[in-house]
Every structure is written in structure tokens, then in C-alpha cells.
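Following: one structure in C-alpha cells, then a few remarks.
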Amino acid sequence: MKTNDNISTEDALRKAMQRRAQRRSAECPAPADLEDLVMQRITSTVKSPLPTGGKSHHDRSYRLIIPVVSAAAAVLIGFLLWQHKESPTAITPETDAAKSPSLATQEMPKQQGNEKEAQPVTVEQASQEHLLAVKQKENVVSQKSETEPLEQKIAGLTIVPTSADLGPGVTMRLGGSADTLAHKGVDEPLEQKIASLTVVPTPADLGPGVTMRLGKPCPITAGVEPLQEEEVSPIPADKQALAELYLAEEALQVAYERRAVREAVRAYTAGIKGEKLPKPVIAF
Amino acid sequence: MQADERELIQDILSGRTEAFGQLVRQHGGALTSFVASFVSQQADVEEVVQQAFVAAFEHLGQYDANRASFQTWLWRIAHHTALKHLTRRRQFFIEEHEQAAQNLTDDDDGSMFEQATDSRVRLLEYATDQLPPDDQLLLHLYYAEERSLNDIAYILDSNANALSSRLYRIRQRLAQLIKHFEHEDE
């Protein structure tokens, strides 16, 4: 039932809130043992004593309890710790105390590398070394001893017809194993090798247009029998330049790799020392 | 502030912890009513009241009698403690109330209150229960406790201007809720 009571908004709200507060207090009364509950919590949770009156919370001074260590004990402890750290190396007057054992050991590879790299490797030396390695690798040179007499080697050859028998335009080869003439010596010229053979037609005998090859004997046929690549013992003269270029490139690559390793070791040791390396200059 | 109360606080700060029990006896009822005005569950009310008293004991050295009464200072601690407690328990249901508020428009200016009746008062009570706890508390402090906006600003850690604006918005929201409830009854 509606009444005509004209209550203002504020009054209505005030009344409503007061009624509500009474209702809520009735619904949630304060416990009878509130004091005991609070004091139990205070004694069990609050450990620090209250400050004396007048001081604020921020003025409260908290003491940090630290063990009192004498100066001499601190020095001794520090010395023992440092000695333990430096234990791999003997403590001598010459030893730099600032260096760590790890730094000392790290310097050694650098020194070893420097000894090796004291003389820079030239391209020629590298190429010659590589050339030797290549020749050994390809096994072009026979495993036979160099002291074996040539005549004995040639004796193993089959009969070689003369150019007269062959006629013009026919190539003649000296057979036997492909390495019989090559392992006379690395530097021995080819003409000398051929000259030492007993049965060797000269270019004059063969006539113009006739090429002379060293290789396996093969049945004489009307056409040119191409040689297998692996059967050619020395590097042909026209390919010598290419081979040398290849070897030079390989040697250069090796040199670059070695330099990169040196730079890496240098950067690593500089990093340990805390030094700053200058930027590398690119040579090309 | 009463002289007895001031001496009591001085005794507690001097080390007489058991004297704090007397403060609990003096302010326990009012503090419980205060917390119950915006915390719905009884278990939560009791827990918040106890935590508030413990916090007041721990920070008793910070209390400044010149700034506010001990009860006002205690209610401020209780409000902060309740916020932490209810946030942890997720009992604010702010999202729920905000969703309800979004469905209402702001066209009403609250003129319906000019014809307030007992039924409207009851509706106001019911509508207040639907508000967020902080709004309930503001209404309780302003209308039931009849505290000044400066006092309420201290308790709620706000400022008087913001509270005034908030009161206006709460009144609008209440009017809309009442209209909504009245339409449901018809």
C-alpha cells in the first residue's frame, strides 16, 4: 500500500542505510570472544615488540645482526680464498697476482701458436708441400724404389715398334706401367728420362705430326687410343699452370684458416684479459 | 579523542600488550558493524575484524591522534584489510555489478525519491546490497554513520571531490535499480 509520505531523496537514503546497518549488525554480530581471539593472534603472530610511544613505524630501527669479524681475520680469510683460487700455479714473486690460473693456462696456446707462426708461411712453401702431398695421394709415382735400374724397368716393357713400322700419323707409346718413367725423380726433365731409355724413338724418327706418349702399351690400331686419366703419370705441361694455380689457391685457403684460428685464439685471450682488440684490416 | 583512550595507547606502546584487549572491547562492536556494511559473508566479517585489530596493534606507533580519531584510523585499517581479504576471496563481484550497471541508462535523475515510501526504502536497501562493496561502504559511512566527506576520504584513502562525484553516480544507479525492481513487481 502506497502512502503519501513525501520523504526527500536524502532522507530516504539515510533511512535505508540505517535500516540496512541494523539488519547487517543483526546478521553478523561481533563474537563474544573477539578480545581473546585478537590477543591470541597478537601473541602468536606479532613477534617484534612495539616501539615506545611517539615513534612512527618508519622511525623503527631494525638491527641487522652480523657476525663481528676482526680485520686480521678478514685479511686471513681473503688470503686463503685467493690462495685456493690460485692453487694450480705456484705463488712466486714473479707471478702476477691479478692473473687467474685460467688466464695463465689460456696464454700458453697463444704462445705455442706464436712460436709456430713466428715465420709466416709463404704461398710457395705451402704449394710445394701440397704438391708433394698431392703426388703421394694420387699415387701416380710408383711405390718402387728410385734406385731400381731403369733398364730393369724397361725390360718389363713389351716390344715397341719403330715409327717406320707404324707409318705416319700413328702415335707410338711407350708402355709398361705408367709409373716406370715418372719415379725417376720429381725434378728430372722428361727428355732425360726418355733419353735414358734404350728403345725410344726420337721425334725425328717419328716425323712431324706424330705425338709421343708415355703410357700403357696397347694394341696398335689404326686410330688413336685415348689414355685413361688415371694412367698419366706426370701432370702435363699445359696443365701444369692450372695445377699450380689450384695448389696456390688451396695453400691460400689453408693460410686463411690458420689466420682465422689465430685471430680466434687472440680474441679469446683478450676477452679473458678484458682487453679490446683493434678491428681487423681486410687485405683485399 | 578521550583522555583514557590516549593513556591506554601510551600504555600499550610502553609495552603493556594486554592493555590492547581493552581497546578491542571498546571498538569491536562498531568495527564489526562497519565491516558488515560492505562484507556480506559472516565468516569474512569476523576474519577481517580480527586481522584489522592485529594490524592496528602492529602499527600502533604510526597512529597520529591529531589527524583522526582512533575509531576512524581503525576503520581505515579495516577497509584496507577487507579489500585485501575480499580480493583474495574474489567476493567483490565487481564484474557482475558492472554488467548490471551497463544494462541501465543514465536518463533518470532520481526524482522518484521525492515520493519515497517504506517500500521504496526497502527497495533502496535491496538495491544497495546489489552494489559493489566499496559503494555500499560509501553509502553506509555517508548516510548511516553520517560521516563527513573528509573523514570518509581518510578512511577510504581517497579525496572528498572524488567521493562526491561517486556519491552522485551511486544515487543514479540506485534509482535505476529501483525502477528495474518496480517493473519486475508489476
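The values are calculated or read from the model by the stated rules, or taken from the named source; none is laboratory data. This structure is a prediction, so every number in the text was calculated from the model and none was measured. Note that each Cβ is placed from the backbone with ideal geometry, even for glycine, and that neighbours are counted across all protein chains shown.
List of remarks:
- When B:35, B:54 are screened for being within 7 Å of chain A (Cβ to nearest Cβ) and modelled with pLDDT of 90 or more, only B:54 passes.
- Some residue of region B:146-163 being within 11 Å of chain A (Cβ to nearest Cβ) and surrounded by fewer than 17 Cβ atoms within 10 Å (Cβ to Cβ): yes
- When the residues of region B:109-152 are filtered to those that are among the hydrophobic types (A, V, I, L, M, F, W, C) and outside any helix (DSSP H, G or I), the one that is modelled with the highest pLDDT is B:131.
- Given (1) away from chain A (no Cβ under 12 Å); (2) more than 18 Å from residue B:83 (Cβ to Cβ); (3) touching a Leu at 6+ places or on another chain (Cβ under 9 Å); (4) not basic (Lys, Arg), index of the condition residue B:134 fails: (2)
- Selection status of residue B:58, outside the structural domain of residue B:143 (by TED's automatic domain parsing) and over 18 Å from the mean Cα position of the chain (by Cα): yes
- Here the condition is being out of contact with any helix residue (DSSP H, G or I) (no Cβ under 7 Å at 6 or more places or on another chain) and outside the structural domain of residue B:65 (by TED's automatic domain parsing); of B:148, B:164, it holds for B:148 alone.
- Cβ-Cβ under 9 Å pairs, at least 6 apart or on other chains, region A:16-29 side more than 7 Å from chain B (Cβ to nearest Cβ) and on the phi < 0 side of the Ramachandran plot, far side of a type in the set (Asp, Glu) and surrounded by 15 or more Cβ atoms within 10 Å (Cβ to Cβ): A:23/B:125
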